[in-house]
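Here is the structure we will look at, set down as structure tokens.
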Amino acid sequence: MYILYGGNATRALGPQMVLEEGGLPYELRDVDIRAGEHRRQAFLEVNPAGYVPALATPQGDVLHEAAAIMLYLADRHGLTDLAPAIDDPRRGVFLGKLFYFTNDVQPSLKRAYYPRRYALRDADVDAVGAQSEAMALERWRVLEDWLAGNGPYHLGERFSLLDLHMSMWAAYGFRQPGDLLDDLPASRRLFDLVRARPVSGPMLQTLMETIGTWRARRS
Ligand SMILES: N[C@@H](CCC(=O)N[C@@H](CS)C(=O)NCC(=O)O)C(=O)O
């Protein structure tokens, strides 16, 4: 059985959606990142990178990086409705867009969520946050333009885990869940389609409600 570390409205939702969509058995182990549990020794022994998600496989490996875990699960279990197989001609577009998201869009999003880590002075925190949001949206727009011309999903009419992955990040938003899609109509359309899926849709909804509650309490 797989063990998925994360829960508590974290990016473990990406792998969890694949596990659920694929009907794969797993146990979810909550890691409370708001209490700093992800940087304590017990969890660093699971994932030395200090992030969730991590996935322990039945074979004894521990995988980290949400997108890699999602892709691994789809490949390993032949879930070709979630990821084109390696001999599928659409595999190239699929990988290119997935890697673009993780390598180019995600780092700016992370900076926007954790501006304090990147500012040398307290006075610069807000500016770093604002600049990171702008950069994330500018990088996201490459995918927005792709979806506008080739959508509604990244692979046209064909849904894939890439759509789950983008939707997970979109669900967080900047100030409100989903708000980063306000000026990205093709991405919003994709997000709405994913939210209508019977398995992953309610999971995304729960994430958005939890994030919304946390932010309301904080402000
Ligand atoms: N590169 C990692 C990043 C995952 C990530 O940002 N996870 C968040 C939880 S939603 C986290 O662990 N944040 C804690 C931190 O950055 O200290 C991935 O894509 O899986």
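Just one of the numbered conditions (1) under 25 Å from residue 18 (Cα atoms); (2) within 12 Å of the ligand (Cβ to nearest atom); (3) buried (at least 19 other Cβ atoms within 10 Å of the Cβ); (4) not basic (Lys, Arg) is not true of residue 74: (2).
Being within 16 Å of the ligand (Cβ to nearest atom) and in a helix (DSSP H, G or I) holds for only one residue in 96, 149, 129, and it is 129.
Restricting attention to the stretch 176-217 and to residues that are over 17 Å from the mean Cα position of the chain (by Cα) and in a loop (DSSP other than H, G, I, E, B), the residue that is surrounded by the most Cβ atoms within 10 Å (Cβ to Cβ) turns out to be 184. Sub-7 Å Cβ pairs linking a first residue in the stretch 6-17 that is at positive phi and near the ligand (Cβ under 9 Å from one of its atoms) to a second residue that is in a helix (DSSP H, G or I) and of a type in the set (S, T, N, Q), at least 6 apart or interchain, are 9/210, ordered by first then second residue.
Results for (1) surrounded by 13 or more Cβ atoms within 10 Å (Cβ to Cβ); (2) more than 21 Å from residue 142 (Cβ to Cβ), shown as yes or no for each residue.
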{"site": "8", "(1), (2)": "yes, yes"}
{"site": "12", "(1), (2)": "yes, yes"}
{"site": "16", "(1), (2)": "yes, yes"}
{"site": "33", "(1), (2)": "yes, yes"}
{"site": "58", "(1), (2)": "no, yes"}
{"site": "84", "(1), (2)": "yes, no"}
{"site": "108", "(1), (2)": "yes, no"}
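Among the residues making up the stretch 18-51, those that are more than 20 Å from residue 212 (Cα to Cα) and hydrophobic (A, V, I, L, M, F, W, C) are 18, 19, 24, 28, 42, 43, 44, 46, 49. The condition of being within 20 Å of the chain's Cα centre (by Cα) and more than 22 Å from residue 167 (Cβ to Cβ) holds for only one of 91, 11, 29, that being 29.
Here the stretch 34-55 is the region considered, the condition is being outside any loop (DSSP other than H, G, I, E, B) and of a type in the set (D, E, K, R), and the residue that is nearest to the ligand (Cβ to nearest atom) is 39.
Of everything in the stretch 18-33 that's in a helix (DSSP H, G or I) and without any contact (Cβ under 8 Å) to a residue 60 or more places away in the chain, which residue is nearest to the ligand (Cβ to nearest atom)? Before the answer, list the steps.
Taking the stretch 18-33 and keeping what is in a helix (DSSP H, G or I), we get 18-21, 33.
Applying the additional criterion that residues be without any contact (Cβ under 8 Å) to a residue 60 or more places away in the chain yields 19, 33.
On the way: 19: 15, 33: 5 Å.
Applying the filter and picking the extreme gives 33.
Residues in the stretch 156-175 that are not basic (Lys, Arg) and not in a helix (DSSP H, G or I) were compared, and the one that is surrounded by the fewest Cβ atoms within 10 Å (Cβ to Cβ) is 157.
Can you spot a residue in the stretch 109-121 that is farther than 13 Å from residue 174 by Cα, in a helix (DSSP H, G or I) and of a type in the set (Gly, Ala, Ser)? The answer is no, given that none of the residues of the stretch 109-121 is farther than 13 Å from residue 174 by Cα, in a helix (DSSP H, G or I) and of a type in the set (Gly, Ala, Ser).
A short reminder: the numbers here are calculations on the coordinates, not readings from a lab. Nothing here was measured: the structure is a model prediction, and the numbers come from that model. With ideal geometry, Cβ positions are generated from the backbone for all residues, glycine too; neighbour counts draw on all protein chains shown.
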